[in-house]
Structures are given as C-alpha cells and as structure tokens.
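Working notes, structure below.
The values are calculated or read from the model by the stated rules, or taken from the named source; none is laboratory data. None of the values given here were measured: they were computed from a predicted structure. In this analysis, Cβ positions are derived from the backbone assuming ideal geometry, glycine residues included, and neighbour counts consider all displayed protein chains. The area values use the complete protein model at the heavy-atom level, side chains included, leaving out ligands, DNA and RNA. Shrake-Rupley method; radii C 1.70, N 1.55, O 1.52, S 1.80 Å.
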Amino acid sequence: MPRARREPTTAIAAAGEAPIRSLPGVGDRLARTLAERGLECLQDLWLWLPRGYEDRTRITAIRDLRPGEPVQVEGRVLAVERGFRYRPMLRVAIADDSQATLVLRFFHFRAAQAAQFQPGSRVRCFGTARPGQHGLEIVHPSYRVLDDAADDALAGTLDPVYPAIEGIAAASLRKWIALALQRLPEADALELLPPAVLAPLGLPTLRDALLTVHRPPPEADLAALLAGRHPAQRRLVIEELLAHQVSLGRQRIRLQAQGAPPLPAQSSLVDALLASLPFHLTAAQQRVFAQVRDDVARPHPMLRLVQGDVGSGKTVVAALAALLAVQQGHQAALMAPTELLAEQHLANLRGWLEPLGVRVDWLAGKLTGKARAKALAAVADGSAQVVVGTHALMQEGVVFHDLALAIVDEQHRFGVHQRLALRDKGAGAEGGRVPHQLVMTATPIPRTLAMSAYADLDVSAIDELPPGRSPVTTVALSNERRGELVERIRAACADGRQAYWVCTLIDDSDEVVAQAAQTTFEALTAALPDIRIALVHGRLKPKDKQAAMEAFKRGDTDLLVATTVIEVGVDIPNASLMVIENAERLGLAQLHQLRGRVGRGSARSSCVLLYQPLLSQMARQRLDTLRQTNDGFVIAEKDLELRGPGELLGTRQTGLAAFRVADLMRDADLLPQVQAIARQLLAEDPRRADAIVARWVGGAARYASA
Ligand code: ADP
Ligand code: MG
C-alpha cells in the first residue's frame, strides 16, 4: 500500500528524504513499483538491506558439497542430456578435480543456452545442491561458461542478496541501491543516535554500517556477515529494534494518557465470589489479581497481559476483574477466539456470577434475529453487566452502555488490531475515555518476544497450577499400532475413564477435517461397540456441538471424537486420556494446547501422539519435546527455536515480526539495552526518537497506531 507523503521529520538526515525519483534514470513506472513496496525516498533504498549473501569468493570442491548449502562450484562438462519427459529438461553433468560429479538441471532454457554446454567446456556456477536421481544436483544454478583464455578471477567480496521486489530484476535492484548509496551523506548528517548512546556501544556509525552490509569490503569478516553477527549488522539491528520499541512505547504513552474509569479495589462482589468458590486461589492467581486491582484503581487504562499455562486458572481471575467493573455500575466484556470457548466462558461466568445477582449476556456471530436484537439492546442499555462472546463483540452496531473493562482471552489467536478494536468499544471513547484492558494467553511467550511484541503491555504470569493436578504422561505411537491403542481405549473406558480422540489435518478446510473426524468416528464406533462415542466438529450446529459437549461433561459418553475445535479452553476434569492423530503435522504450541485438555482432574492422565511414519527430523524433535516436558515455557522456547518468532506469534500480518535485519532469537541479548535506550530517548529527545521510527518503520507504524 503506498504511504502518505511524509514530512521531513527533522533536519537531521534530511538527505534521506529526497525522493527516489531524484535518482538519474528513475522513471514513473519504476518509482510506482517501488512505492508499492513502501520505497519512496533514498533512505528507503539505503534501508532495503540484504537478507543474506552469496559467497562467490571461493570455489567448493564438488566432493565437499553438502545438500542445502549455497555454494560456488566449477567443473568441466562431462555430458549433456536434453529430454522431454513431462516438460522440456536439460541436464548437464560436470566434474572437477575432486573426481566427483554434479548435475545441473534446467527446466526453462533457450536453445542457445543448451548449446553453450559443450563437453569439455568449463562452467562456474552458484546454487544449492540437493539430492537428485543420480547424486547431487543443482536446479537452475546461476552460471557462467568460462572462456579458457579469459580472466576468471574470483569475486573479492560477498554479493548481497536483497529481498525481491516484484517487477524489478535482482540486478537492477542492486544497481538502484548502489546508486542511492552514492548519495549517502557524511556520518554526522545521517546519525540519529546521540553520541552519548552510540559511543558506549562500540559499534560503527550508521554510515559505515550501511556501507559494510551493502558492499562488504574484502577484508570484512565474511563468516560474521553470513551469520548476521557482524558489528555493522549489530549496529543496524540496534537501531531497528529501537525503532520498534519506541513506536510501541509511544503507543503505550498515548494510551495511558487517556482516561479510564477508576475501579476501587474494595468490592463486595469480589469478596462474595471468593467466598463462594469451591477452591482457594493459588498464590500466583492472588498475586496477578492484586496487580490487576492496582492497575484498574487508577484513572488511566490498565494494559496488562496475563500469561498462564493451560489449566493455570486464568478465567477466574478474569471473572474477579469483571466484578470490579460491575461493582461500580460499569460493564465488562470477555472475548474468546472460538464459539466453543466463548460458550464455556459463558457457562463458567454464569455459574459464578449469576448467584451474586450479576447478569451475564452472550453475543456471537451465530446469534441472529430477535435474539441478537435483544442482546444488543441489553448491551446498549447497560442491563447486560458482563458480556461474553466472540469476534462478534467488536462488530459495528455493538454499542456498549459503559464498557470499563475489555478482556481478551487467548490473545495469540487474535491480531493486535482486533485487540485494539475491542478497546475502542469503550464508553465515550470519543471523550478520550477507554476501558481497562486485560489480555490473557496460554501460549507462554518467551521473554525476548514478550519484550518486543508486547512492549505496550505489562506482563504478569500465573506460574503455578492449582493443587492436585497430576502431570500428563505423553507417548508417541506409530499409526501402525493403532489397533493396540483402540484396545487400550476400550480398557480405559471400561474403567470409567473418559477419552478424547482428536482428528487433525493441516491446511485443510473445516469440511475436510469434519469428514476425517466423521470417518474416524464411524471406524471407532464399529471397533468399540460397547463404548458410548460422540462426535464434535466445526461444521455442527452450535446447538448440537453444545449438546455433545454437555453429554461428555456429564459422563453420558465415554469417548469424544473431535477436531481441534476443542483445542482451547475446553475443561472437562474427568477426561484423562487423549489421542492426537497426525501429531507429526502439528506445531508444538498447538499440541501443548490440545494436551492441556487432559490432566485437569486428579486422575493420572496420558496423551498418545499418533504419528505416520516416517518422521521428519523436525517432527521427531517436536514429539520428543512433548514427551519430555509439560512445561509450557520450555515448550515455547523450543518452539521459538524450531520455528522462528514470526510464526510463533502469528504476527506476520501485523508486521511485528517483519524486521529488516533484526532476528529476535539471534539478537535477543540486545533487547534489554535497546529497551533502556528507547526509554531514555522518549524521555529526553522524543523528536529524535520519532525520527528513528519514521526511518525504520515508516508507514507500518502509522498503520499500527491508526
Ligand atoms: P486456563 O488458565 O487454562 O484458562 P481455566 O481458567 O479454564 O484455566 O481453569 C482450569 C480449571 O481449574 C477450571 O476448572 C477452574 O475452575 C479450575 N481452577 C481455577 N483456579 C483454581 C484453583 N485455585 N484451585 C483449583 N481449581 C482451580
Ligand atoms: Mg482459558
């Protein structure tokens, strides 16, 4: 999306604000293509940073090739084969002095290209070797046929590889960036970090850092550059992370400058609920609720994230917080990511709050017609004191009488924007008053990510499970042993235990998964005639879904065949056995969530991860991790390691993890320092701080704060 023209943020670095159009040779079309990717001024080109390097400074012997590693090789053509199996194909076998051969394979080529490869001619190519039919091969390498007489000196420096821009060839992009770099001003004119901040870091100036990463000099530490740990890269990482911290910090300052209804800590409703609960709060729940109480007593909005592993008891903390709002005659809303979970919250909250005389209403997408109109009216006139629902809560047309507390459960399932949308439902949001916000998540967020992605929130952790839970024993079982498993379920159910059988398929529609669940349901029904089996999936009518869940909860059925609709929040303490099909295809976080459905009562619970052999390396690691630990934090760290932060947070679309140079795993050690610098800058030189944000985040920051 093209960004709005930006005003020069400050006299500092004004050189970077010159439009790309001012470069010789840049025409309308190119400028438009670049603008579509947010590149409008020279600075944007300076900061279009290489995402990696190709090392053409040396030649790797074919014998030493390892699959998956990009390398340069050189050899003589042994044989050429042109074929038309399913499509045109060209295979060129080359060999070098190491006596090993390598196949270059092309699917798109011109006749002249094919003719270049004469047996005996010398070819230098660059690419990534993979195992092929006849040993290693490189598909579509970049290559050059070397003229025996010509100079074939190796490159002296690494070649930067830039993130591609559709409509611009890689070589032209390199050219435009090089041209823009010629207009890089002197170090002082470019620098936004004050000397007092920059000096102690012991890192190069921004100018030197940019020149080094775009055009690594021959003497640069190539290994460090390739690993992303070169001081020049660290310098850029610091500034980029700083930009993100500052923009989140700004958002927080802006939010906290607004007013929110202060909710006094003393509440007879809270006391009454605590007295009526069949359990005592754990120490962790008490601590977190005390933090919430302190927050909401202030006339500024609470912005708090509560993390707690599955089963740690977040819901009751949410209910207590809601009562603080209700006590003062305000409303509270609780939003959950799925209808099933929202329904459970509704049942829990009604069970706890209605005996205290508090009215709890329901608003979900499937609510239509009269029922919906009635609910909306109750929300609007304030007779609905607590409102539970799904995304439907945020829709237009939902008008709260006086929303003082917005609670979002399982935050990781929602985008940042959705979280903010509920906030905007606050009473008199126009009048500058916003509700307090409580965000809850069972996906433990590694500290480094929390610092970065949730820098606008205070974080508390419910780091203790209620007493009497027994850890879940987890085993991985090949699908070939399904028969034994069915026997085991028969025995367990005959013993009065209840079990889940979870059907999963990845990347498939509700319909396909529902079908798979149906098939499994039928097979299990046939195999286990004495067992009472029920089925729930996302395609069922809410009424039927709920009836099936209730029957299972009452113990009227023994085995529940389900899709991942039960992933979050489902709470049936008597269920103590879970089977997860195709476990090898699921991510760690999701498996941990699913497994969290058992081990909620005092019975010893187990989880069987059923997999299709053969397991990939990655899948094996995931299943091993689950077998070894029940600790959500350990699992989250492992998940981060295996998958990287973008996927973990599901924040690709929010731009949070879309860093140019920073890598939250690799650069985690810099975060505390960066946070300190961000605070200092915001306090001492906010204009400079904003200029850094404009430089690095530009349009994205405006989008996030819109
Ligand atoms: P989660 O944090 O995963 O959302 P829930 O709020 O669903 O966990 O709580 C899981 C179960 O534990 C619920 O049945 C809840 O009533 C129960 N529970 C919550 N707190 C306690 C406690 N302090 N002692 C015993 N049981 C508790
Ligand atoms: Mg929950």
### Message
How many angstrom lie between the Cα centre of the range 196-270 and the Cα centre of the range 17-58?
### Response
23 Å
### Message
Give the residue list of trypsin sites (Lys or Arg not before Pro) in the range 78-114 that are DSSP loop and have at most 11 other beta-carbon atoms within 10 angstrom.
### Response
R85, R110
### Message
For Q498, what residues show an amide H to amide H distance below 5 Å, using hydrogens built from the backbone and excluding near sequence neighbours?
### Response
S576, L577
### Query
How many angstrom lie between the C-alpha centres of the range 296-350 and the range 526-548?
30 Å
### For the range 28-118, diffusion coefficient by Stokes-Einstein and Kirkwood Rh (Cα), 20 °C, 1.002 mPa s, µm²/s
128 µm²/s
### Message
Report, in listed order, any pair from K370/K543; K366/K553; K366/K541; K366/K545 with a Cα-Cα distance greater than 19 Å.
### Response
K366/K553
### Task
Rank by packing, highest mean first: peptides 343-351, 551-559, 133-141, with packing defined as the count of other Cβ atoms within 10 Å averaged across residues.
343-351, 551-559, 133-141
### Length-normalised contact order for the chain - Cα pairs under 8 Å, 6+ apart - percent
13 percent
### Query
Could you give the nm distance between label points at D97 and K374, where each point is 7 Å from its Cα heading toward the beta carbon?
8.8 nm
### Query
Taking K638 as the anchor, which lysines have their alpha carbon closer than 25 Å to its alpha carbon, excluding any fewer than eight residues away along the same chain?
K314
### Task
With the full set of protein chains in place, find how many percent of the accessible area of the chain is carbon and sulfur; take the probe as 1.4 Å.
52 percent
### Message
How much accessible area per residue does the chain have, counting only protein heavy atoms and a probe of 1.4 Å, in square angstrom?
### Response
44 Å²
### Query
Rg(Cα) of the chain divided by 2.2 N^0.38 Å?
1.12
### Task
Please give the calculated 222 nm ellipticity per residue for the chain, where each DSSP H segment of at least 4 residues contributes -39500 (n - 2.57) and the sum is spread over every residue; nearest 500 deg cm²/dmol?
-12000 deg cm²/dmol
### Query
Taking Cα atoms of the range 132-289, Rg/Rh with Kirkwood Rh, to two decimals?
1.25
### For C41, distant residues with modelled amide H under 5 Å away
I20
